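**Student:** The structure is given below, and queries will be raised subsequently.
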């Protein structure tokens, strides 16, 4: 009986394309205002300042910044209609 060897791929896990990191990087660099809906239904808003494989740092105006584990995030949505302006090194939601 012939034995066959299975090939072990060290690429991305099945179902992952690597697009998540590119999207989060884009949101972070552009400091896009976002709403993060957590698995328990709570929604928090701010902009993504930092992220890694396990968590994102959500920066908020006038409120404490949050480190949120990705496993606790249901969705991240760009805030529609929120215009931004550059102020020094940061973009802030423009008050209209």
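The values are calculated or read from the model by the stated rules, or taken from the named source; none is laboratory data. As the structure is a computational prediction, the values presented were derived from the model and not from experiment. Note: ideal-geometry Cβ built from the backbone for every residue, glycine included; neighbour counts use all protein chains shown.
**Student:** One residue is enough: does the range 72-84 have a residue meeting the conditions touching a strand residue (DSSP E or B) at 6+ places or on another chain (Cβ under 9 Å), at pLDDT 95 or above and outside any strand (DSSP E or B)?
**Tutor:** Taking every residue of the range 72-84 in turn, at least one turns out to be touching a strand residue (DSSP E or B) at 6+ places or on another chain (Cβ under 9 Å), at pLDDT 95 or above and outside any strand (DSSP E or B).
**Student:** Among residues belonging to the range 37-70 that are out of contact with any strand residue (DSSP E or B) (no Cβ under 8 Å at 6 or more places or on another chain) and within 25 Å of residue 18 (Cβ to Cβ), point out the one that is surrounded by the fewest Cβ atoms within 10 Å (Cβ to Cβ).
**Tutor:** 53
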